[in-house]
Amino acid sequence: MSSRFDVRYGEEIADKMEAVVMTAPEILEIQSVPVPEPDIGEVLVKVECTTICGTDIEIIKGGHLPNWPPQLPAILGHEWAGRIVAMGPMTEGFGLEMGDAVAGTSHAGCGACRMCLIGRYNLCYNYGNTVTGHRQYGHITQGSYAEYVTNNIRALHKMPEGMSFEHGSAVDPAGCGLWTAKRAGVNPGDTVVILGSGPIGVFAYESAKAMGAGRVIVVGGGRRLEILEEQGAEVVSYRDGGVPERIDEMTDGRKANVVLETAGTTDSFRWSVDCGGKGARVAITGIPENIPDMAWKRVVLEEMDIFGVRANPNCGDEVLALIHSGRLKVDPYITHRFPLREYQEAHDAFVARKDGALLVNLTPGA
């Protein structure tokens, strides 16, 4: 076994690795590709678990080209956990060492622009300019559908001793759910309506509970909604119609203090206002193809606040603490497990929502 890595930094690593490669829209191939080398401020991580995200599915369809990814072929994936096996230059003194178990998040800002300096590195002014050090893994930079991935230490979070890699792989989507709830300012006792029962909706639900919400009502459908109901959520099936009217009935006409939109559909956008009451805070994570007419008069006269949500800045360590303490659940939402080389089956199960597919986990090298 040959190695391009200094043995001081760990185990010998082969020149090639197995990866899922997107070669064209809707075309995925298992290929043998070079193992990446960590640059300044980066480490090489052996991926132990990676999870399919709904954004990955949209990227695979080609709808985000040429932004995500900027060129093909590309390796996607940005929800993952693994173990550090090599360390690049200038990574000492930051609390990460060889062999550490780490969870990855997708954004690493340049670290120097105004947005990065105020902690909003998800909005980095140098987005896409890799020369500055900006990275967004699985979008514009190599992702985690592979045996190894390089990551800037700014986008890594050291996992507590004994935490499973499946829990670590949930840190990125759970962080998105937490950031959605934080953007809307969930307060103790609030009535929260979550639109969408997918992975982000699931973790928005868990986060709202952890932040002290009095009631959490999830609007969704199918087996996914049943899983949430089993975890204590009040539920409304959008398939039955009349979603805003049902929320009115459940809240005695007061509607929600907080609405968290996670579905990204035309209807969910409209309902994000329709389900909110006076002074409601609305956080929106979805990006619908068609923007509906909305009740803007109510937004003004009832002083509703609307917040856009992008990713999960500064939430990684918070989510790890919540998962480790048991205050944010992961296990009930892990519905499927596949070896990485069976990615197409995993992809198809996620898209078809087979058996309520939520967290569909992949294991490289299995």
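Elements of the type helices (runs of 4 or more DSSP H) sitting completely within segment 121-233 and holding at least 1 residues that are farther than 30 Å from Met304 by Cα and among the acidic types (Asp, Glu): these cover 165-169, 222-230.
Taken over segment 86-100, the residue count meeting the criterion of being in contact with a Phe, Trp or Tyr (Cβ under 7 Å, 6 or more places away or on another chain) and either under 22 Å from Cys176 (Cα atoms) or part of a loop (DSSP other than H, G, I, E, B) (or both) is 1. Restricting Val43, Val20, Val47 to those that are over 11 Å from Tyr148 (Cβ atoms), in contact with a strand residue (DSSP E or B) (Cβ under 7 Å, 6 or more places away or on another chain) and either in a helix (DSSP H, G or I) or modelled with pLDDT of 95 or more (or both) reduces the list to Val20. Summed over segment 208-223, residues that are surrounded by fewer than 23 Cβ atoms within 10 Å (Cβ to Cβ) and under 20 Å from the mean Cα position of the chain (by Cα) total 3. Go over the candidates Val193, Val235 one by one and state the one that is crowded, with 24+ Cβ neighbours inside 10 Å and modelled with pLDDT of 95 or more. Residue meeting the stated conditions: Val193. Taking the conditions (1) among the aromatic types (Phe, Trp, Tyr); (2) free of Cβ contacts under 8 Å to residues at least 40 places away in the same chain; (3) part of a strand (DSSP E or B) in turn, Phe269 satisfies each one other than (3). Selection of helices (runs of 4 or more DSSP H) fully inside segment 294-362 by the criterion of at least 3 residues being out of contact with any strand residue (DSSP E or B) (no Cβ under 9 Å at 6 or more places or on another chain), in contact (Cβ under 8 Å) with a residue 12 or more places away in the chain and farther than 29 Å from Leu123 by Cα returns nothing.
In segment 4-19, the residues that are farther than 13 Å from Met87 by Cα reach residues that are modelled with pLDDT under 55 with C-beta atoms within less than 6 angstrom, at least six apart or across chains, in these pairs: Ala14/Met1; Asp15/Ser2.
The rows are residues; the columns are (1) of a type in the set (Val, Ile, Thr); (2) farther than 27 Å from Val351 by Cα.
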residue	(1), (2)
Val102	yes, yes
Val186	yes, yes
Val193	yes, no
Gly201	no, no
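Just one of the listed residues (Thr105, Thr132, Thr141) is buried (at least 17 other Cβ atoms within 10 Å of the Cβ), under 30 Å from Gly365 (Cα atoms) and free of Cβ contacts under 8 Å to residues at least 24 places away in the same chain, namely Thr141.
Restrict the check to segment 62-76 and report whether at least one residue is over 15 Å from Lys158 (Cα atoms) and in a helix (DSSP H, G or I). Among the residues of segment 62-76, not one is over 15 Å from Lys158 (Cα atoms) and in a helix (DSSP H, G or I), which makes the answer no.
The values are calculated or read from the model by the stated rules, or taken from the named source; none is laboratory data. Please read these numbers as outputs of a predicted model, since none were measured by experiment. In this analysis, Cβ positions are derived from the backbone assuming ideal geometry, glycine residues included, and neighbour counts consider all displayed protein chains.
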